[in-house]
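Taking it in order: structure first as C-alpha coordinates, then the write-up.
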(Lines give C-alpha, C1' and ligand atoms only; values in the text may rest on other atoms or scores of the structure.)
Protein backbone atom coordinates (compact mmCIF):
# COMPACT_ATOMS: atom_id res chain seq x y z
CA UNK A 1 0.00 0.00 0.00
CA UNK A 2 2.75 2.46 0.92
CA UNK A 3 4.44 1.86 -2.43
CA UNK A 4 1.19 2.97 -4.02
CA UNK A 5 1.00 6.13 -1.91
CA UNK A 6 4.63 7.01 -2.71
CA UNK A 7 4.02 6.35 -6.42
CA UNK A 8 0.93 8.58 -6.38
CA UNK A 9 2.85 11.46 -4.80
CA UNK A 10 5.64 11.00 -7.36
CA UNK A 11 3.06 10.98 -10.16
CA UNK A 12 1.61 14.24 -8.78
CA UNK A 13 5.04 15.88 -8.87
CA UNK A 14 5.76 14.64 -12.39
CA UNK A 15 2.35 15.63 -13.77
CA UNK A 16 2.44 19.09 -12.18
CA UNK A 17 5.97 19.70 -13.44
CA UNK A 18 5.05 18.48 -16.90
CA UNK A 19 1.97 20.71 -17.20
CA UNK A 20 3.87 23.78 -16.00
CA UNK A 21 6.79 23.18 -18.38
CA UNK A 22 4.42 22.69 -21.29
CA UNK A 23 2.48 25.84 -20.40
CA UNK A 24 5.75 27.78 -20.20
CA UNK A 25 6.79 26.45 -23.62
CA UNK A 26 3.39 27.22 -25.18
CA UNK A 27 3.73 30.89 -24.26
CA UNK A 28 6.60 31.19 -26.77
CA UNK A 29 4.91 29.29 -29.62
CA UNK A 30 2.62 30.63 -32.35
CA UNK A 31 -1.13 30.37 -31.80
CA UNK A 32 -2.19 26.71 -31.95
CA UNK A 33 -5.48 25.46 -33.35
CA UNK A 34 -7.14 22.05 -33.25
CA UNK A 35 -8.11 22.64 -36.87
CA UNK A 36 -4.41 22.28 -37.85
CA UNK A 37 -3.20 19.34 -35.72
CA UNK A 38 -0.12 18.49 -37.81
CA UNK A 39 1.05 22.10 -37.79
CA UNK A 40 0.53 22.11 -34.02
CA UNK A 41 2.57 18.96 -33.51
CA UNK A 42 5.36 20.33 -35.70
CA UNK A 43 5.62 23.40 -33.47
CA UNK A 44 5.50 21.34 -30.29
CA UNK A 45 8.21 18.83 -31.12
CA UNK A 46 10.67 21.59 -32.01
CA UNK A 47 10.43 23.09 -28.50
CA UNK A 48 12.97 21.55 -26.06
CA UNK A 49 11.03 22.89 -23.07
CA UNK A 50 7.80 21.30 -24.28
CA UNK A 51 9.60 18.00 -24.87
CA UNK A 52 10.92 18.13 -21.29
CA UNK A 53 7.39 18.63 -20.02
CA UNK A 54 6.15 15.71 -22.13
CA UNK A 55 8.87 13.45 -20.72
CA UNK A 56 7.76 14.40 -17.20
CA UNK A 57 4.16 13.51 -18.07
CA UNK A 58 5.28 10.20 -19.56
CA UNK A 59 7.17 9.38 -16.36
CA UNK A 60 4.00 10.26 -14.43
CA UNK A 61 2.16 7.71 -16.56
CA UNK A 62 4.64 5.04 -15.44
CA UNK A 63 4.16 5.98 -11.80
CA UNK A 64 0.38 5.83 -12.27
CA UNK A 65 0.63 2.21 -13.43
CA UNK A 66 2.28 1.33 -10.11
CA UNK A 67 -0.45 3.16 -8.20
CA UNK A 68 -3.28 1.23 -9.85
CA UNK A 69 -1.60 -2.10 -9.08
CA UNK A 70 -1.52 -1.39 -5.34
CA UNK A 71 -4.44 0.94 -4.48
CA UNK A 72 -8.20 0.92 -5.16
CA UNK A 73 -9.33 3.36 -7.83
CA UNK A 74 -11.08 5.70 -5.37
CA UNK A 75 -8.00 5.91 -3.15
CA UNK A 76 -5.72 6.53 -6.11
CA UNK A 77 -7.89 9.35 -7.46
CA UNK A 78 -8.09 10.99 -4.04
CA UNK A 79 -4.30 11.12 -3.92
CA UNK A 80 -4.08 12.42 -7.49
CA UNK A 81 -6.47 15.28 -6.70
CA UNK A 82 -4.15 16.36 -3.87
CA UNK A 83 -1.62 17.26 -6.55
CA UNK A 84 -3.68 20.39 -7.27
CA UNK A 85 -1.95 22.18 -4.40
CA UNK A 86 1.43 21.36 -5.89
CA UNK A 87 0.27 22.59 -9.28
CA UNK A 88 -0.97 25.92 -7.91
CA UNK A 89 2.35 26.51 -6.15
CA UNK A 90 4.33 25.74 -9.31
CA UNK A 91 2.01 27.84 -11.48
CA UNK A 92 2.45 30.80 -9.18
CA UNK A 93 6.23 30.42 -8.84
CA UNK A 94 7.11 29.54 -12.45
CA UNK A 95 4.32 31.05 -14.55
CA UNK A 96 3.35 33.99 -12.34
CA UNK A 97 -0.34 33.06 -12.57
CA UNK A 98 -2.62 34.59 -9.96
CA UNK A 99 -5.74 32.82 -8.76
CA UNK A 100 -8.86 34.63 -7.64
CA UNK A 101 -10.23 34.36 -4.11
CA UNK A 102 -13.14 32.30 -5.39
CA UNK A 103 -10.77 29.84 -7.05
CA UNK A 104 -8.67 29.53 -3.89
CA UNK A 105 -11.82 28.74 -1.91
CA UNK A 106 -12.70 26.16 -4.56
CA UNK A 107 -9.31 24.46 -4.20
CA UNK A 108 -9.76 24.45 -0.43
CA UNK A 109 -13.14 22.78 -0.84
CA UNK A 110 -11.60 20.19 -3.18
CA UNK A 111 -9.01 19.39 -0.51
CA UNK A 112 -11.80 18.94 2.05
CA UNK A 113 -13.50 16.58 -0.41
CA UNK A 114 -10.18 14.74 -0.71
CA UNK A 115 -9.94 14.28 3.06
CA UNK A 116 -13.50 12.96 3.15
CA UNK A 117 -12.74 10.40 0.46
CA UNK A 118 -9.48 9.37 2.14
CA UNK A 119 -11.37 9.02 5.43
CA UNK A 120 -13.70 6.55 3.75
CA UNK A 121 -10.87 4.15 2.90
CA UNK A 122 -10.13 0.98 4.82
CA UNK A 123 -7.10 -1.08 3.79
CA UNK A 124 -8.53 -4.26 5.31
CA UNK A 125 -11.88 -3.94 3.52
CA UNK A 126 -11.02 -2.28 0.21
CA UNK A 127 -9.67 -4.50 -2.55
CA UNK A 128 -7.93 -3.73 -5.84
CA UNK A 129 -9.85 -4.84 -8.93
CA UNK A 130 -7.77 -6.30 -11.75
CA UNK A 131 -10.17 -6.71 -14.65
CA UNK A 132 -13.44 -5.52 -16.14
CA UNK A 133 -15.76 -6.89 -18.87
CA UNK A 134 -14.63 -5.45 -22.19
CA UNK A 135 -18.20 -4.65 -23.28
CA UNK A 136 -18.73 -2.63 -20.10
CA UNK A 137 -15.50 -0.67 -20.57
CA UNK A 138 -16.43 0.19 -24.16
CA UNK A 139 -20.02 1.05 -23.17
CA UNK A 140 -18.64 3.57 -20.68
CA UNK A 141 -15.69 4.93 -22.65
CA UNK A 142 -17.00 5.38 -26.21
CA UNK A 143 -19.90 7.74 -25.31
CA UNK A 144 -17.61 9.62 -22.93
CA UNK A 145 -15.03 10.19 -25.68
CA UNK A 146 -17.78 11.46 -27.99
CA UNK A 147 -19.11 13.78 -25.25
CA UNK A 148 -15.65 15.20 -24.49
CA UNK A 149 -14.80 15.86 -28.13
CA UNK A 150 -18.24 17.37 -28.76
CA UNK A 151 -17.99 19.63 -25.71
CA UNK A 152 -14.55 20.84 -26.76
CA UNK A 153 -15.81 21.60 -30.27
CA UNK A 154 -18.74 23.58 -28.85
CA UNK A 155 -16.35 25.60 -26.65
CA UNK A 156 -14.18 26.32 -29.70
CA UNK A 157 -17.17 27.59 -31.68
CA UNK A 158 -18.24 29.86 -28.82
CA UNK A 159 -14.70 31.19 -28.48
CA UNK A 160 -14.73 32.34 -32.12
CA UNK A 161 -17.90 34.39 -31.70
CA UNK A 162 -17.46 38.16 -31.84
CA UNK A 163 -18.03 40.24 -28.69
CA UNK A 164 -17.68 37.18 -26.46
CA UNK A 165 -16.62 37.37 -22.83
CA UNK A 166 -13.05 36.16 -22.24
CA UNK A 167 -13.27 32.47 -21.33
CA UNK A 168 -11.23 31.09 -18.44
CA UNK A 169 -11.11 27.54 -19.78
CA UNK A 170 -13.58 25.67 -17.54
CA UNK A 171 -15.31 24.12 -20.57
CA UNK A 172 -11.95 23.08 -22.01
CA UNK A 173 -10.99 21.56 -18.66
CA UNK A 174 -14.20 19.52 -18.46
CA UNK A 175 -13.82 18.24 -22.03
CA UNK A 176 -10.17 17.26 -21.63
CA UNK A 177 -10.97 15.78 -18.21
CA UNK A 178 -13.47 13.39 -19.80
CA UNK A 179 -10.82 12.22 -22.26
CA UNK A 180 -8.29 11.75 -19.48
CA UNK A 181 -10.93 9.88 -17.48
CA UNK A 182 -11.16 7.34 -20.29
CA UNK A 183 -7.36 7.26 -20.42
CA UNK A 184 -7.22 6.64 -16.68
CA UNK A 185 -9.56 3.66 -16.99
CA UNK A 186 -7.37 2.35 -19.80
CA UNK A 187 -4.27 2.70 -17.61
CA UNK A 188 -6.08 0.79 -14.88
CA UNK A 189 -6.86 -1.94 -17.40
CA UNK A 190 -3.25 -2.07 -18.60
CA UNK A 191 -1.98 -2.39 -15.02
CA UNK A 192 -4.25 -5.39 -14.44
CA UNK A 193 -2.91 -7.17 -17.54
CA UNK A 194 0.78 -6.87 -16.67
CA UNK A 195 2.10 -10.00 -15.01
CA UNK A 196 5.81 -10.14 -14.18
CA UNK A 197 5.78 -13.95 -14.03
CA UNK A 198 4.52 -14.22 -17.63
CA UNK A 199 5.41 -10.95 -19.32
CA UNK A 200 5.16 -12.30 -22.88
CA UNK A 201 1.74 -13.83 -22.37
CA UNK A 202 0.43 -10.78 -20.55
CA UNK A 203 1.53 -8.51 -23.41
CA UNK A 204 -0.36 -10.67 -25.91
CA UNK A 205 -3.45 -10.61 -23.71
CA UNK A 206 -3.10 -6.84 -23.35
CA UNK A 207 -3.20 -6.23 -27.10
CA UNK A 208 -6.26 -8.45 -27.35
CA UNK A 209 -8.04 -6.03 -24.99
CA UNK A 210 -9.39 -2.54 -25.83
CA UNK A 211 -7.03 -0.76 -23.42
CA UNK A 212 -4.03 -0.03 -25.71
CA UNK A 213 -6.35 1.33 -28.40
CA UNK A 214 -8.23 3.53 -25.94
CA UNK A 215 -4.86 4.92 -24.83
CA UNK A 216 -3.92 5.57 -28.46
CA UNK A 217 -7.17 7.47 -29.16
CA UNK A 218 -7.10 9.48 -25.93
CA UNK A 219 -3.39 10.18 -26.40
CA UNK A 220 -3.88 11.61 -29.88
CA UNK A 221 -6.97 13.69 -29.15
CA UNK A 222 -5.72 14.63 -25.68
CA UNK A 223 -2.43 15.95 -27.07
CA UNK A 224 -4.12 18.25 -29.57
CA UNK A 225 -6.95 19.39 -27.29
CA UNK A 226 -4.97 19.89 -24.10
CA UNK A 227 -2.16 21.91 -25.70
CA UNK A 228 -4.52 24.32 -27.44
CA UNK A 229 -6.49 24.69 -24.20
CA UNK A 230 -3.35 25.28 -22.11
CA UNK A 231 -2.15 27.96 -24.49
CA UNK A 232 -5.43 29.90 -24.15
CA UNK A 233 -6.18 29.39 -20.47
CA UNK A 234 -4.45 29.51 -17.09
CA UNK A 235 -2.89 26.22 -16.04
CA UNK A 236 -3.88 27.07 -12.45
CA UNK A 237 -7.57 26.79 -13.44
CA UNK A 238 -7.82 24.43 -16.39
CA UNK A 239 -5.71 21.65 -14.83
CA UNK A 240 -7.65 21.57 -11.51
CA UNK A 241 -10.93 21.39 -13.43
CA UNK A 242 -9.55 18.67 -15.69
CA UNK A 243 -8.17 16.75 -12.70
CA UNK A 244 -11.46 16.97 -10.78
CA UNK A 245 -13.50 15.67 -13.74
CA UNK A 246 -11.00 12.87 -14.37
CA UNK A 247 -10.95 11.86 -10.71
CA UNK A 248 -14.74 11.77 -10.37
CA UNK A 249 -15.26 9.91 -13.63
CA UNK A 250 -12.59 7.33 -12.81
CA UNK A 251 -13.65 6.90 -9.19
CA UNK A 252 -17.35 6.40 -9.89
CA UNK A 253 -17.36 4.47 -13.16
CA UNK A 254 -14.04 2.71 -12.56
CA UNK A 255 -15.22 1.44 -9.19
CA UNK A 256 -18.27 -0.10 -10.87
CA UNK A 257 -16.48 -1.42 -13.97
CA UNK A 258 -13.63 -3.06 -12.08
CA UNK A 259 -15.81 -4.43 -9.29
CA UNK A 260 -14.37 -2.37 -6.44
CA UNK A 261 -17.43 -2.14 -4.20
CA UNK A 262 -18.42 0.93 -2.25
CA UNK A 263 -17.96 0.78 1.55
CA UNK A 264 -20.57 -1.15 3.50
CA UNK A 265 -20.01 0.84 6.67
CA UNK A 266 -22.58 3.72 6.71
CA UNK A 267 -20.07 6.34 7.90
CA UNK A 268 -17.45 5.42 5.31
CA UNK A 269 -20.09 5.32 2.59
CA UNK A 270 -21.41 8.76 3.62
CA UNK A 271 -17.88 10.22 3.58
CA UNK A 272 -17.13 8.86 0.10
CA UNK A 273 -20.43 10.01 -1.41
CA UNK A 274 -20.35 13.41 0.29
CA UNK A 275 -16.75 14.00 -0.76
CA UNK A 276 -17.57 13.17 -4.39
CA UNK A 277 -20.67 15.38 -4.30
CA UNK A 278 -18.69 18.31 -2.84
CA UNK A 279 -16.13 18.07 -5.65
CA UNK A 280 -18.94 18.14 -8.24
CA UNK A 281 -20.55 21.19 -6.61
CA UNK A 282 -17.23 23.04 -6.60
CA UNK A 283 -16.83 22.35 -10.30
CA UNK A 284 -20.32 23.62 -11.08
CA UNK A 285 -19.95 26.91 -9.19
CA UNK A 286 -16.60 27.90 -10.68
CA UNK A 287 -16.96 31.01 -12.89
CA UNK A 288 -16.95 30.31 -16.61
CA UNK A 289 -15.27 33.60 -17.58
CA UNK A 290 -12.32 35.63 -16.39
CA UNK A 291 -13.09 39.12 -15.23
CA UNK A 292 -12.36 41.55 -18.04
CA UNK A 293 -9.29 43.68 -17.49
CA UNK A 294 -10.37 47.29 -16.96
CA UNK A 295 -9.14 49.75 -19.50
CA UNK A 296 -6.48 52.14 -18.19
CA UNK A 297 -7.85 55.55 -17.26
CA UNK A 298 -6.18 58.72 -18.36
CA UNK A 299 -6.10 61.81 -16.20
CA UNK A 300 -7.53 64.95 -17.76
CA UNK A 301 -5.16 67.87 -17.67
CA UNK A 302 -6.20 71.43 -17.84
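The values are calculated or read from the model by the stated rules, or taken from the named source; none is laboratory data. What you are looking at is a predicted structure, and each value in this text was computed from that prediction instead of being measured. Ideal geometry is used to build each Cβ from the backbone, glycine not excepted, and the neighbour counts take in all protein chains shown.
Structural remarks
- Among the residues of segment 24-38, those that are in contact with a helix residue (DSSP H, G or I) (Cβ under 9 Å, 6 or more places away or on another chain) and surrounded by 12 or more Cβ atoms within 10 Å (Cβ to Cβ) comprise 24, 25, 26, 29, 32, 33, 34, 37.
- If the condition is being over 19 Å from residue 279 (Cα atoms) and within 14 Å of the chain's Cα centre (by Cα), then segment 224-254 contributes 225, 226, 227, 229, 230.
- Segment 19-47: number of residues that are part of a loop (DSSP other than H, G, I, E, B), in contact (Cβ under 8 Å) with a residue 60 or more places away in the chain and more than 13 Å from residue 91 (Cβ to Cβ): 5
- Among residues of segment 39-72, those that are under 17 Å from the mean Cα position of the chain (by Cα) and surrounded by 15 or more Cβ atoms within 10 Å (Cβ to Cβ), counted: 12
- Residue match in segment 226-239 (condition: surrounded by fewer than 16 Cβ atoms within 10 Å (Cβ to Cβ), at negative phi, modelled with pLDDT of 75 or more and assigned to a helix (DSSP H, G or I)): no
- Here residue 274 does not qualify as part of a helix (DSSP H, G or I), within 14 Å of residue 73 (Cα to Cα), in contact with a helix residue (DSSP H, G or I) (Cβ under 7 Å, 6 or more places away or on another chain) and at pLDDT 80 or above.
- Exactly one residue among 185, 115, 165 is more than 21 Å from residue 85 (Cα to Cα) and modelled with pLDDT under 80, and that residue is 165.
- Lone unmet requirement of (1) touching a helix residue (DSSP H, G or I) at 6+ places or on another chain (Cβ under 8 Å); (2) surrounded by fewer than 23 Cβ atoms within 10 Å (Cβ to Cβ); (3) modelled with pLDDT of 75 or more for residue 261: (3)
- The set of residues in segment 193-223 that are surrounded by 21 or more Cβ atoms within 10 Å (Cβ to Cβ) and more than 15 Å from the chain's Cα centre (by Cα) comprises 211, 214.
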